[in-house]
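Beneath this line is the structure, given in structure tokens, with notes to follow.
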Amino acid sequence: MSGLYIHIPFCKKRCLYCDFFSTTRLERQDAYVSALVQEIKARQDEAGEPIRTIYIGGGTPSTLSLEAMTRINHVLNRDQVAEYTVEVNPGDVTKEYLQGLRALGVNRLSMGVQSFQDDLLTLIGRRHNAQQAIDAVHMAQEAGLDNISIDLIYALPTQTMDQWKADIETALTLGIRHISCYGLMYEPGTALYNELMNERIKAIDEDTENAMYDYLCERLQQAGFVHYEVSNFALPGYASQHNGSYWNNTPYVGVGAGAHSYIRNVRSWNPDDLDAYIRGIEDGTLIREQETLTETDRYNEHIMLGLRTCQGVAREDIDGDIDDLLEAGLLQIKNNRVIATQQGIHLLNRIIEDLMRD
Ligand code: SF4
């Protein structure tokens, strides 16, 4: 089985915290979709295994019209697809758009909600408000798209614990089945990073950030969610199958500008330059860079990705001594698998670094 990732690098406006590759040049969408359709036709079966999951991500895929989505959908090999996800911005969607996606066979939405607090949404430069997010979830559910994942961000400047708790409660009340949560990162070069450097905003302290994360884990588990990866929580049966392929060595093909692929130990990626991508596909000169993972790369990746999941890593797969980490309560062993504890998750990057080979 394999996964297909389709990158839509367009956003109507750049959010202030974002350092992903995306562009606001929406006038290039037509040419981009034409190139994408060509690349999908040529490469979607490259993994040599049936496509099980499709994920259209961005950027903001919902900046594409339904007609453009239909053009893409038309060339997809969907015979054996079990999970077909599209990322949407709550400010973009209408009932007709969501019904249209459903009619195309989409069966999962990933919604970039980030917060249900209007002041925080404005602070980070999102273009939707809380009510639009709530309405978007209801519209999707009414359109038959009830397998919805939302993204939430914590540790936002000025965010209080009460606001964070309220966000989680709103998500639960809405009947959301999958939640991805990220602590805010101040990425150099972003507008929010500059605000921080110029002391116009203040970062949340580490203890509060950790307390927000711990509350999240506790509350969602209490509500029946499985904490299946450090940042991901799902009701039973709703874990993202597509993201699972990144963590369990399933091959995936990535199409579109900046998209990465991983097939038989080779990682390759398209240029993250819109014009170079479109031109390269149009005239057949696209250069996809690639690297073959060494045994050490593969080991390090296995440790890094495995320890982020609730399955952990088989004890025998880990080189060296982990007694100190077990004694310190940062790792635990269950059924011969090494799993990070709640305390360990806070220090996970350091633990992983310690266990990686040079
Ligand atoms: S919508 Fe997403 S990809 Fe676009 S700027 Fe905002 S965070 Fe970045």
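Data overview
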{"item": "Residue within the range 176-195 that is assigned by TED's automatic domain parsing to the domain that holds Arg14, without any contact (Cβ under 8 Å) to a residue 40 or more places away in the chain and open to solvent by less than 40 Å² (accessible area, probe 1.4 Å) present", "result": "yes"}
{"item": "All positions within the range 92-118 that are among the basic types (Lys, Arg), open to solvent by 10 Å² or more (accessible area, probe 1.4 Å) and out of contact with any Gly (no Cβ under 8 Å at 6 or more places or on another chain)", "result": "Lys95"}
{"item": "Filter result for Asp118 (among the acidic types (Asp, Glu), more than 15 Å from the ligand (Cβ to nearest atom) and closer than 26 Å to Cys181 by Cβ)", "result": "yes"}
{"item": "Ile204, sole failed condition from (1) more than 22 Å from the chain's Cα centre (by Cα); (2) open to solvent by 50 Å² or more (accessible area, probe 1.4 Å)", "result": "(2)"}
{"item": "Subset of the range 6-16 [surrounded by 15 or more Cβ atoms within 10 Å (Cβ to Cβ) and more than 7 Å from the ligand (Cβ to nearest atom)]", "result": "Ile6, His7, Ile8, Pro9, Phe10, Leu16"}
{"item": "All positions within the range 119-149 that are assigned to a loop (DSSP other than H, G, I, E, B) and open to solvent by 40 Å² or more (accessible area, probe 1.4 Å)", "result": "Arg127, Asn129, Asp146"}
{"item": "Residue match in the range 122-132 (condition: modelled with pLDDT under 95 and either under 16 Å from Asn89 (Cβ atoms) or assigned by TED's automatic domain parsing to the domain that holds Leu16 (or both))", "result": "yes"}
{"item": "All positions within the range 301-329 that are open to solvent by 20 Å² or more (accessible area, probe 1.4 Å) and of a type in the set (A, V, I, L, M)", "result": "Met304, Leu305, Leu325, Leu326, Ala328"}
{"item": "Residue ranges of strands (runs of 3 or more DSSP E) in the range 1-115 with at least 3 members of a type in the set (S, T, N, Q)", "result": "none"}
{"item": "Criterion (within 16 Å of the ligand (Cβ to nearest atom), closer than 18 Å to Ser110 by Cα and of a type in the set (Ser, Thr, Tyr)) met by exactly one of Thr23, Thr94, Thr63", "result": "Thr63"}
{"item": "Only listed residue being among the basic types (Lys, Arg) and under 18 Å from the mean Cα position of the chain (by Cα), chosen from Arg279, Arg267, Arg308", "result": "Arg308"}
{"item": "Residue match in the range 141-149 (condition: of a type outside the set (D, E, K, R), free of Cβ contacts under 8 Å to residues at least 60 places away in the same chain, within 13 Å of the ligand (Cβ to nearest atom) and closer than 30 Å to Thr53 by Cβ)", "result": "no"}
{"item": "Test for Ala211: is it in contact with a strand residue (DSSP E or B) (Cβ under 9 Å, 6 or more places away or on another chain) and assigned to a helix (DSSP H, G or I)", "result": "no"}
{"item": "Any chance Tyr277 is touching a helix residue (DSSP H, G or I) at 6+ places or on another chain (Cβ under 8 Å), among the aromatic types (Phe, Trp, Tyr) and open to solvent by 10 Å² or more (accessible area, probe 1.4 Å)", "result": "no"}
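Yes/no matrix, rows are residues, columns are (1) outside the structural domain of Glu27 (by TED's automatic domain parsing); (2) more than 30 Å from Leu156 (Cβ to Cβ); (3) touching a residue at least 24 places away in the same chain (Cβ under 8 Å):
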| residue | (1), (2), (3) |
| --- | --- |
| Arg200 | no, no, no |
| Tyr213 | no, no, yes |
| Leu216 | no, no, yes |
| Asn232 | no, no, yes |
| Gly256 | yes, no, yes |
| Ser261 | yes, yes, yes |
| Pro271 | yes, yes, no |
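Condition check ((1) modelled with pLDDT of 95 or more; (2) within 18 Å of the chain's Cα centre (by Cα); (3) open to solvent by less than 10 Å² (accessible area, probe 1.4 Å)) across all residues:
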| site | (1), (2), (3) |
| --- | --- |
| Leu4 | yes, yes, yes |
| Glu27 | yes, no, no |
| Ala42 | yes, no, no |
| Ala47 | yes, no, yes |
| Tyr55 | yes, yes, no |
| Pro61 | yes, yes, yes |
| Leu66 | yes, no, no |
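The values are calculated or read from the model by the stated rules, or taken from the named source; none is laboratory data. This is a predicted model, so every value here is computed, not measured. With ideal geometry, Cβ positions are generated from the backbone for all residues, glycine too; neighbour counts draw on all protein chains shown. Surface accessibility is based on the protein's heavy atoms, side chains included, excluding ligands, DNA and RNA. Shrake-Rupley method; radii C 1.70, N 1.55, O 1.52, S 1.80 Å.
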